[in-house]
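Below is one structure, written out as structure tokens; the observations come after it.
The values are calculated or read from the model by the stated rules, or taken from the named source; none is laboratory data. Computed from a prediction, not measured in an experiment: that's the story for all the values here. FYI the Cβ positions are ideal-geometry reconstructions off the backbone, even for glycines, and counts take in every protein chain you see.
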Amino acid sequence: MKDNRRENSKTGTEPVKIDKKRANRSIAYVTYAFVLLFLVLIVYIVYYTIFRGPEDINNSYNSRQDIYAKRVVRGQILSRNGDILAKSVTDESGREEREYPYGPLFAHAVGFSEKGKLGVEANANIRLLTSNRPLTERVINDFRGEKNLGNDVYTTLDPDIQRAAYDALGSYKGAVIATDIKTGEILCMVSKPDFDPNLIEEEWDEINSDQKKGALLNRVTQGLYPPGSTFKIVTTLEYLKEHEDIASEYSFECNGSFSYEGSKINCYHDRSHGEVDLLSSFSRSCNASYANISTTLDKEAFRNTCEELLFNKDLPLKMSYKQSYVPINNDSSADELMQTAIGQGKTQMTPIHINIITSAIANNGVLMRPYIIDRIEKNGGGVIRQYAPDEYGRIIDEKYCLSLREMMEEVVKSGTGTRLSETDGYTAAGKTGSAEYSSNKVMSHAWFTGYAPCDDPQIAVTVIAEEAGSGGEMAVPIAKKVFDAWAASVVE
Amino acid sequence: MELITAEAVKYILILLITVYTIQCFVVFKQQDEEKANSIYLRQNVEMILIHFLSFLVLYIGTKDVQYIVYYAVSQITTVSVVIFYRIVYRGANKLLLNNMCMLLTVSFIILSRLSYYKAIRQILVAIASLIVTSTIPYILMNFNNIRRFYYLFSGIGIFLLLMVLVFSHAVNGSKLNVNIGGVTFQPSEFVKLLFIFTIAGILSRSVDIRNIFISLAIAGIHIILLVLSKDLGSALIFFMIYLVMLYVATGRLLYIISGSLAGTVAALTSYKLFAHVRVRVEAFTDPFGKIDNAGYQIAQSLFAIGTGGFFGMGLLQGAPEKIPVVVSDFVFSAIAEEMGVIFALCLILICVSCFIMFMNISIKFKDPFYKLVGAGLAVTYIFQVFLTIGGVTKFIPLTGVTLPLISYGGNSIMVTLIMFAIIQGLYVSKDKESHERQ
């Protein structure tokens, strides 16, 4: 019957009426389809409210934070072992204050929450101002007009290592960072000059007005420095990539400087290194040899390698930081290339970035995202959210990592880093740097970046001491104290 | 005291709307008319309580007498609508009547909280529309020839869309509005209704190939004009309406499939062609990465929803004013922030129950023309709800569609009230027809 009608319609004789049963069935199907769509939407919104919302709102652009502060007592910030790094205390008049038991030790890492926010206090702000105490308790508190107790934030920071780094850096301006190579956990983060977060309100004007002091700047993530000879790690990687087959035959006669196309590169304090191969060029940090190497490099490929190592790019960090910069491109002059190869010129880098590269090399090329917040617990215990180690991906080929590690070990054995050769129960490797930061070539920033132990790397340490002199003499001993503190904590 | 009231009311409101929502679905199963009627009356009580308590909080929180005035006017409005329909159109569908008033109630509450001035404008348009649309059921009861005028309808519709294209100035990349004597009209809202009647008129005459092609051509012209005006949200809604109506008329899944394919191609093409579409997709995929520009709106919306959580911050306790265009496109986020996600989810379910009732009524019509009109209106309504709520919750990219009956906007509320009145009118007159046949 239906089919007959349809055939009729083709001849155009009789109108084809809508089949009501069919239409009703279609209406029912359309209804089901939309109801299903809305069920999915509702499930999504519930999922979002439980899991994603609490993550998303923890954003510095969310200006609802004052509303939270009115209802919740800011939670505690703790070390990896549960030591209290920051807590809220209410005085007799009911005024809530923030207390930092370690004083200036964690000034930049933990930060502060009044007069603006910094560090973990900023990054975990909404977490600290959210209460996951039992619902009934919260409802009762809401009715009473009393504040709920906010969640606690456990960091990855280790107070012993932090203390060692803080003391070792002493009165130098600069930065020290140590990370767990296998996980990306940040174990210590020191920046100087510092301040006491307990006195942030009282001393605010002083800290802020003294522009030159720059105490509020976290130099670990935001200090841009010429990387000096630590950058030779990158140059070596590029050389290995381009000339792997002849790398073992490389040799260069160093007489303290190298001239090419009218530009001249000097070795540190114009010292001549005599005949060097690639290994000794690296371990003894021969600028002339690296200037020579730079003339053999392809600029485009060099730039690509730098970008793979996240120069001129975003770093995988959930905190505020500055991008590192490498100027190399196709139009770069020979002078620029030579300057860059030894980490001078316009190249600028943050300490955390070179720590990331060091970690990746020690981890055979795989970069773990550095993180400082380990977990969120509700007040009184109970994990709300655990942050797991997160792999960023491979940024260096494994075979080059093995070569680079061999060279970094040699630095400590026989090169510029021998102050790390006599250690208590562990072996270390790394690269020093003495970065000239002005036309005054006498003074330099002292750099060291390295890892330990050599056979199964666990910890990566990066040190910069501003205007301290040579990396080997000044930065390596600071790093050694950090490694020692780490080794002591492992033995425990 | 203030805070205690606000807190207590917050939980009571959630309880009331939850009960109301459950009743919306219970009545579908209730065969006994008397029992159903008592449920409807209880819903009215809940509606009035929600209305009263919310304004109580607004008044206590602000100590501003204008909220008392607004409460009185808006409460009288919704109650009179319920009484009017119950007396004048005895056969009217009470679930749709209640839901319409419930959604208006929520609109009055949230808009007066967000902007008293806009809430005033909204209620003036709502009252005028309610008065005008109250005659629609009467007209439909006594006038059965509308189906013949579909060519006129499509002519008017296309003319209006052309006017927009020629005379309108683009806002945010789209041409939407025409200014007539200081009043802003958004013709595409009204053309939707004409379009539904046009397509229903053509397809109810005959679903032979020739008629299907005619309907396709007319739908195509509408959609192309909208795309040329860069009003892609409306183009999408028209497309959906046509696809569903064609499917209902023919029962052929093939049309849905080929239509969806064509729609996908069109979507990809518009992504390539229109910068503002790309911006919205970018904002959808990574709102927080692009928070400085494209992602700002959606990020603020998510902050609001996430901050509110299941129970909300309480009326006046949140910061919904931080969301751009919160009164119109993002009103759902404001509701979620202050009244809670549970309340917001109930609102979604109330919309869904309206849709199911629209479709239910369509199935009962004997006349295929009314079936098509009913299904067309139902899909127009629910698809718009989906686009706006899906958009602000980042379930789908934003389309810039408003939430019917709740969002601020005279055109939107007027057209939605017309839609509800048409369904009521058809529902009432259908009953009459079946009596006569008996």
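Yes or no, residue by residue, for (1) within 14 Å of chain B (Cβ to nearest Cβ); (2) at pLDDT 90 or above:
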site	(1), (2)
A:A122	no, no
A:R127	yes, no
A:D142	yes, no
A:E146	yes, no
A:G150	no, yes
A:T155	no, yes
A:I161	no, yes
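How many of the residues in the stretch B:324-333 are of a type in the set (S, T, Y) and either more than 13 Å from chain A (Cβ to nearest Cβ) or more than 21 Å from the chain's Cα centre (by Cα) (or both)?
Total meeting the criteria: 1.
If you take the residues of the stretch B:375-417 that are over 19 Å from B:A119 (Cβ atoms) and of a type in the set (G, A, S), which of them is farthest from the other protein chains (Cβ to nearest Cβ)?
Top of the filtered list is B:G400.
Filter the stretch A:7-20 for residues that are facing chain B (nearest Cβ under 8 Å) and not in a loop (DSSP other than H, G, I, E, B); which is modelled with the lowest pLDDT?
A:S9
Working carefully through the options A:L217, A:L157, A:L187, find the one that is surrounded by 19 or more Cβ atoms within 10 Å (Cβ to Cβ), assigned to a loop (DSSP other than H, G, I, E, B) and of a type in the set (A, V, I, L, M).
Within the list A:L217, A:L157, A:L187, the selection yields A:L157.
Is it the case that B:E321 is at the interface with chain A (Cβ under 9 Å from one of its Cβ atoms) and not hydroxyl-bearing (S, T, Y)?
It is false that B:E321 is at the interface with chain A (Cβ under 9 Å from one of its Cβ atoms) and not hydroxyl-bearing (S, T, Y).
For (1) crowded, with 21+ Cβ neighbours inside 10 Å; (2) in a helix (DSSP H, G or I), each residue gets a yes or a no:
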site	(1), (2)
A:C306	yes, yes
A:Y321	no, no
A:G343	yes, no
A:H353	yes, yes
A:A360	yes, yes
A:N364	no, no
A:L367	yes, no
A:G380	no, no
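If A:A23 passes every condition in (1) of a type outside the set (S, T, N, Q); (2) at the interface with chain B (Cβ under 10 Å from one of its Cβ atoms); (3) closer than 26 Å to B:V392 by Cβ but one, which one does it miss?
Evaluating A:A23 over (1) of a type outside the set (S, T, N, Q); (2) at the interface with chain B (Cβ under 10 Å from one of its Cβ atoms); (3) closer than 26 Å to B:V392 by Cβ leaves (3) as the failure.
Given the structure, is B:I257 surrounded by fewer than 16 Cβ atoms within 10 Å (Cβ to Cβ), within 14 Å of chain A (Cβ to nearest Cβ) and among the β-branched types (V, I, T)?
So B:I257 fits the description; yes.
Search the stretch A:471-492 for residues that are in the same structural domain as A:C267 (by TED's automatic domain parsing) and pair each with any residue that is basic (K, R) when their beta-carbon atoms are under 7 Å apart and the residues are at least 6 apart or on different chains.
What qualifies is A:G472/A:R419; A:V476/A:R419; A:P477/A:R419; A:K480/A:R419.
How about the stretch B:4-53: which of its residues are without any contact (Cβ under 8 Å) to a residue 24 or more places away in the chain and either within 14 Å of chain A (Cβ to nearest Cβ) or not in a helix (DSSP H, G or I) (or both)?
Answer for the stretch B:4-53, where residues must be without any contact (Cβ under 8 Å) to a residue 24 or more places away in the chain and either within 14 Å of chain A (Cβ to nearest Cβ) or not in a helix (DSSP H, G or I) (or both): B:I4, B:A8, B:L15, B:Q30, B:Q31, B:D32.
Can B:L53 be described as touching a Pro at 6+ places or on another chain (Cβ under 8 Å) and surrounded by fewer than 22 Cβ atoms within 10 Å (Cβ to Cβ)?
Here the answer is no, as B:L53 does not meet what is asked.
Are any of the residues in the stretch A:70-78 within 14 Å of chain B (Cβ to nearest Cβ) and not in a strand (DSSP E or B)?
Looking through the stretch A:70-78, at least one residue is within 14 Å of chain B (Cβ to nearest Cβ) and not in a strand (DSSP E or B).
Taking only the stretch B:54-70 into account, find how many residues are part of a helix (DSSP H, G or I) and free of Cβ contacts under 8 Å to residues at least 12 places away in the same chain.
1
Quick one: in the stretch B:282-310, of everything that is hydroxyl-bearing (S, T, Y) and within 10 Å of chain A (Cβ to nearest Cβ), which residue is nearest to B:I14 (Cα to Cα)?
That would be B:T307.
When the residues of the stretch B:260-281 are filtered to those that are buried (at least 18 other Cβ atoms within 10 Å of the Cβ) and of a type outside the set (K, R), which remaining residue is farthest from the other protein chains (Cβ to nearest Cβ)?
B:V277
For the stretch B:287-318, which positions are modelled with pLDDT under 90, among the aliphatic types (A, V, I, L, M) and within 16 Å of A:D56 (Cα to Cα)?
B:I291
With the stretch B:138-245 as the region, which helices (runs of 4 or more DSSP H) entirely inside it contain at least 3 residues that are within 14 Å of chain A (Cβ to nearest Cβ)?
Once the helices (runs of 4 or more DSSP H) in the stretch B:138-245 are filtered for at least 3 residues that are within 14 Å of chain A (Cβ to nearest Cβ), what remains is B:187-205, B:209-228.
Can B:V331 be described as surrounded by fewer than 24 Cβ atoms within 10 Å (Cβ to Cβ), in contact (Cβ under 8 Å) with a residue 12 or more places away in the chain, closer than 18 Å to B:I396 by Cβ and touching a helix residue (DSSP H, G or I) at 6+ places or on another chain (Cβ under 8 Å)?
Criteria not met by B:V331.
Would you mention how many residues in the stretch B:334-355 are more than 11 Å from chain A (Cβ to nearest Cβ) and either more than 22 Å from B:I12 (Cβ to Cβ) or free of Cβ contacts under 8 Å to residues at least 24 places away in the same chain (or both)?
Total meeting the criteria: 1.
Out of A:M408, A:M443, which single residue is outside any strand (DSSP E or B), touching a residue at least 40 places away in the same chain (Cβ under 8 Å) and of a type outside the set (D, E, K, R)?
Going through A:M408, A:M443 in turn, just one is outside any strand (DSSP E or B), touching a residue at least 40 places away in the same chain (Cβ under 8 Å) and of a type outside the set (D, E, K, R): A:M408.
Would you confirm whether any residue within the stretch B:260-283 is out of contact with any Asp or Glu (no Cβ under 6 Å at 6 or more places or on another chain), under 30 Å from A:A69 (Cα atoms) and in contact (Cβ under 8 Å) with a residue 60 or more places away in the chain?
yes
For the stretch B:120-140, name all the residues that are without any contact (Cβ under 8 Å) to a residue 60 or more places away in the chain and either under 22 Å from B:N44 (Cβ atoms) or under 15 Å from the mean Cα position of the chain (by Cα) (or both).
Hits for the stretch B:120-140 are B:I123, B:I127, B:I131.
Determine whether the stretch A:133-145 contains at least one residue that is surrounded by fewer than 22 Cβ atoms within 10 Å (Cβ to Cβ), in contact (Cβ under 8 Å) with a residue 12 or more places away in the chain and touching a strand residue (DSSP E or B) at 6+ places or on another chain (Cβ under 6 Å).
For the stretch A:133-145, residues surrounded by fewer than 22 Cβ atoms within 10 Å (Cβ to Cβ), in contact (Cβ under 8 Å) with a residue 12 or more places away in the chain and touching a strand residue (DSSP E or B) at 6+ places or on another chain (Cβ under 6 Å): present.
Is it the case that some residue within the stretch B:71-87 is in the same structural domain as B:I413 (by TED's automatic domain parsing), touching a Phe, Trp or Tyr at 6+ places or on another chain (Cβ under 6 Å) and in contact (Cβ under 8 Å) with a residue 60 or more places away in the chain?
No: the stretch B:71-87 contains no residue that is in the same structural domain as B:I413 (by TED's automatic domain parsing), touching a Phe, Trp or Tyr at 6+ places or on another chain (Cβ under 6 Å) and in contact (Cβ under 8 Å) with a residue 60 or more places away in the chain.
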